[in-house]
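The structure under discussion appears below in the form of C-alpha cells.
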Amino acid sequence: MARQRSSKVAGSQPRARLLSRKTLGALLVAIRPRQWTKNLLLFAGVMFSLNLGSAPLVMRACLAFAVFCLLSSSVYLVNDVIDAEQDRQHPLKRMRPVASGTLSPVFALFIAGLLAVGGVVGALGLGGRFAGIALGYYVLMVVYSLWLKRVAPLDVLIIAIGFVLRAAAGAVVVNVAISQWLVVCTTFLALFVALCKRRHELTALGSVAAEHRRALISYSPVLLDQFIILAATSAVMSYTLYTLSPRTLAEFGTPNLVYSVPLVVFGIFRYLYLVHHENGGGNPEVLLFADVPLLAAIITWAFMVAAIIYWL
C-alpha cells in the first residue's frame, strides 16, 4: 500500500509541472507581447526632442515603455475575460487562452490586477504628470472594454485616444512639450489602423459579425471604406504639413524632413493593399512583422527621420 501511494505521488509531480507550464504558456499568449509594439510610440518624445543622445532620458523612456506594457497587458487580460463568450464566435479569437478554456478567468483577473498595480507603482516613480496620463490610459481602456467599444464610431475614436495618450506620456516623461502635430498625426494614423481592423472583422465574420462585436452592426464595408479614405488622407496631409511647418523647420534646422513623406504614403498604400487584396488588417501587430515591404518601409522611415533631424 505504501509503495502504491508513493508511486501515485511521484507520478503526480510531472503532471503538476506540465500543468504549470501549460498555464504559464497560456498566460504569455494572453498578455499579448506582440502588441507591445504599440507602446514604441512612447519613444517619439525623446526622439523628436533631439534627446536620443541623453542616456538618462532614454532610460526614462524605456521605463515608461515598460510601464505601458504592464498596463496594456492588464487591459488585454480584463478584455479577454469580458469578451470570452463573443471571442468564441470568432474564427481566430476563439483560440485565445481564456476563450478556449486553457486559462482560468479568475487567474487571468488576478494577474491583471498584479500587472496593473506594478504599472501604477512604476508610473508614480516616473513623476506625477506621467502617472496621471498612464492611469488615465488604463481607466479609459478598461471602460472601453466594459462599454465604450459597443458604441460606433466611439469605439475607434477611443482607440485613437489611447495612442495619443501614449504619445503624450512619452513627451511628459522626458519633460518636453507635447507637439500638436504629433497629436494630430497620431490620431489620424491610429484611426486608419482601427478602421481597417473593423473592416476586416466585418468582412471576415459576415452575418455573425454583430454577435462578436456589437458596434459592427452600425458599420458597413462602404461606410468603413469612406472613413478609411478620410483617415488615410488626413494622416498623410497632417504629416506633410508637419514637415513643412515653420516651427518644424526652426526646431530641426532643416527642410529635408519632407523627403520622408513618400515613405509614409507607401506605408499607407501598402497597408490598404494588404487589407483589400490579402485579407489583412485583423491583427496589425502581426501584419507589421509578416509583410516585408511594410516593415522595410517603417524601418527605413525611422532611420531616415533620425538621420535628417540629427545629422543632416
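The values are calculated or read from the model by the stated rules, or taken from the named source; none is laboratory data. This one's a predicted model, so the numbers in the text were calculated from it and none came from an experiment. Every residue, glycine among them, receives a Cβ derived from its backbone with ideal geometry; neighbour counts consider all protein chains shown. Just so you know, the surface numbers come from the protein's heavy atoms only, side chains and all, with ligands and any DNA or RNA stripped out. Shrake-Rupley method; radii C 1.70, N 1.55, O 1.52, S 1.80 Å.
Residues in segment 273-312 that are among the small types (Gly, Ala, Ser) and surrounded by fewer than 16 Cβ atoms within 10 Å (Cβ to Cβ): 5 in all. When you scan segment 172-186, do you find a residue that is open to solvent by less than 50 Å² (accessible area, probe 1.4 Å), in a helix (DSSP H, G or I), among the hydrophobic types (A, V, I, L, M, F, W, C) and within 23 Å of Ser54 (Cα to Cα), even just one? Yes, segment 172-186 contains at least one residue that is open to solvent by less than 50 Å² (accessible area, probe 1.4 Å), in a helix (DSSP H, G or I), among the hydrophobic types (A, V, I, L, M, F, W, C) and within 23 Å of Ser54 (Cα to Cα). Every condition in (1) open to solvent by less than 60 Å² (accessible area, probe 1.4 Å); (2) part of a helix (DSSP H, G or I) is met by Asn51 except one, and the failing one is (2). Listed here are the helices (runs of 4 or more DSSP H) enclosed by segment 238-312 that have at least 2 residues being within 19 Å of the chain's Cα centre (by Cα) and touching a residue at least 12 places away in the same chain (Cβ under 8 Å): 261-277, 284-290, 292-310. Of the listed requirements (1) under 27 Å from Trp36 (Cβ atoms); (2) among the small types (Gly, Ala, Ser); (3) over 23 Å from the mean Cα position of the chain (by Cα), Ser220 misses just one: (1). For segment 146-161, the set of residues classified as surrounded by fewer than 18 Cβ atoms within 10 Å (Cβ to Cβ) and either farther than 25 Å from Phe188 by Cβ or not aliphatic (A, V, I, L, M) (or both) consists of Leu146, Trp147, Arg150, Pro153, listed by residue number. Here Phe252 does not qualify as open to solvent by 80 Å² or more (accessible area, probe 1.4 Å), of a type outside the set (Lys, Arg) and touching a helix residue (DSSP H, G or I) at 6+ places or on another chain (Cβ under 6 Å). The residue list Leu70, Leu40 contains one member that is open to solvent by 60 Å² or more (accessible area, probe 1.4 Å), at pLDDT 95 or above and either more than 21 Å from the chain's Cα centre (by Cα) or not charged (D, E, K, R) (or both), which is Leu70.
Annotation note: Cβ proximity below 9 Å between a residue of segment 72-85 that is in a helix (DSSP H, G or I) and a residue that is surrounded by 24 or more Cβ atoms within 10 Å (Cβ to Cβ) and polar (S, T, N, Q) (sequence gap 6+ or interchain) occurs for no pair.
Hey, can you tell me all the residues within segment 292-302 that are hydrophobic (A, V, I, L, M, F, W, C) and within 10 Å of Ser260 (Cα to Cα)? Result: Trp301, Ala302. If you take the residues in segment 80-118 that are touching a Lys or Arg at 6+ places or on another chain (Cβ under 6 Å) and open to solvent by less than 40 Å² (accessible area, probe 1.4 Å), which one is farthest from Gly25 (Cα to Cα)? Per the criteria, the residue is Asp87.
When the test is whether a residue is of a type outside the set (Asp, Glu) and surrounded by fewer than 16 Cβ atoms within 10 Å (Cβ to Cβ), Phe227 does not pass it.
Pick from Ala134, Ala64: which is over 30 Å from Leu249 (Cβ atoms), open to solvent by less than 10 Å² (accessible area, probe 1.4 Å) and of a type in the set (A, V, I, L, M, F, W, C)? The match here is Ala134.
Applying a threshold of 7 Å to beta carbon distances and a minimum spacing of six or more residues, or different chains, the list of pairs starting in segment 153-177 at a residue that is touching a residue at least 60 places away in the same chain (Cβ under 8 Å) and farther than 27 Å from Ile228 by Cβ and ending at one that is open to solvent by 20 Å² or more (accessible area, probe 1.4 Å) and hydroxyl-bearing (Ser, Thr, Tyr) reads Val174/Ser49; Val176/Ser49.
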